[in-house]
1. How big is the dipole moment of segment 56-174 about its Cα centre under a simple scheme where the beta carbon of each Lys and Arg is +1, that of each Asp and Glu is -1, and everything else is neutral? Debye, nearest 20, please.
2. Cα convex hull of segment 1-61: how many Å³ per residue?
3. For the pair Asp108 and Ala191, what calculated FRET efficiency results from E = 1/(1 + (r/R0)^6), where r is the Cβ-Cβ distance and R0 = 51 Å, to the nearest 0.05?
4. Taking the Cα centre of the chain as the origin and placing charges on Cβ (Lys, Arg +1; Asp, Glu -1), which of Phe119, Leu150, Pro352 is farthest toward the positive end of the dipole?
5. What Rg and what Dmax come out for segment 241-325 when only alpha-carbon atoms are used, in angstroms?
6. To the nearest 20 Debye, how big is the dipole of the chain about its Cα centre, given +1 on the beta carbon of each Lys and Arg and -1 on that of each Asp and Glu?
7. For the chain, the longest stretch holding no GluC sites (Glu not before Pro) located in a DSSP loop with at most 15 other Cβ atoms within 10 Å is which?
8. Cα atoms only, segment 285-366: Rg and Dmax in Å?
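Bear in mind that the values in this text are calculations on the coordinates, not laboratory data. Nothing here was measured: the structure is a model prediction, and the numbers come from that model. Virtual Cβ from ideal backbone geometry, glycine too; neighbours counted across all protein chains shown.
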Amino acid sequence: MNGNERMDVVVVGGGIIGLSIAWRARLSGLSVSVLERAELGCGASHVAAGMLAPVAEVEFGAAGLRLLELGRRSAAMWPAFAAELEDLTDIDLGMTSSGTMIVARDEDEARELERQLAFRRSLGLEVERLRASEAREREPALAPSLRLALEAPDDHSVDPRCVLAALRAVCEAAGVALREGVPVARVELDATGARATGVLLAAGERVPAERVVMAAGAWTEQIEGLEPALRIPVRPVKGQILRLRDPAGPGLLRRILRFEGGYLVPRADGRYVLGATVEERGFELAPTAGGVRELLREAHELVPGVDELEIEELSVGLRPGSPDNAPIIGEATIEGLVWASGHHRNGVLLAPITAALVSELLTGEPGSAVSPGAPDPLTAAELLDACSPARFAPVAATVLAAATASPSAGAPAPVGAGR
């Protein structure tokens, strides 16, 4: 497709969220282009561990419940989403269903885990309390010093890098125009300033479109063209993550292990993902010895066998965080612009439902945003209301101004806008 051809939809950002939206929109019959500032899928999506764990992730408060509703429904969509991608591409997405074990190392953490157990049970979530001996029977590699554990048997995981490869393939096959190395400088508006008409690239090229979907992740606030009050507050949250390999092959752990300060995610081939730090450091992408030390120390306290694993990769990603760390999905206050950002640590989990919701907004036709298998199913409108950009309207300008003035929010680094 010609870069100057007017598209039905231009998606800004080529991470797992942007590619999922582009694929679904194209299947709905729309002409779609994806604009990625660097390489497709090279940002936070490439770094992510790939946990599909709404039960383990749930947090107290209104935002936590909002995220839980979205996460449970998206998790229910993932098996069909993965099966469709695998059928179309023959790429194994590495989907596992061994569940998550949440563990406590001392009495303080054990008391907090009891509180978490009561909270999850009050929400009707399936979770099992395990004595330390029971947890070690299920995962013999756990340290004898373990105090308590919870198991969430329905949690899953996928390999995001395989998902990204599959999404790229299906987008190309469907006719989505994929463009890399084209950072977007601003949203273009009509003469009235009331409607988005496309985007302007940093190199000066105008890309016209009927609708603009902003899925630029941590780089959302770097794209100009909107008054502060019309934008959404999204900040970069740095995460350092290690990829490890067991020379002896798989078997050290079967389940995802969650602990205070991190997680350890097993892959079927004997590799493990250990992460991740949560650092408010602006666009800083440098790995640090301190971050690596903390990850390895905490993992070793729970799984001493981690010391025998080989380090394959140290990565740094920038998650897109909103003020309440729940996603921002929905139509902007100006016509023709749709937000799909702020997914923080849950971009992989929420990719199917985000794509379905945005596709419905773009086409005006009911889709598969509401999983029929989810308990007490909500309508698409109710789900969109739960993550509406409008909830930040009074504070958007203030938050964005503060982020811009922060000394840690330096110039953006030349990496992708995925999550």
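1. 400 debye
2. 136 Å³
3. The pair Ala191/Asp108 has a calculated efficiency of 0.25.
4. It is Phe119, whose Cα lies furthest towards the positive end.
5. Cα radius of gyration and Dmax of segment 241-325 are 13.4, 43 Å respectively.
6. Roughly 380 debye, rounded to the nearest 20.
7. The segment 281-419 is the longest one with no such site.
8. Here Rg and the maximum Cα pair distance are 19.0, 55 Å.
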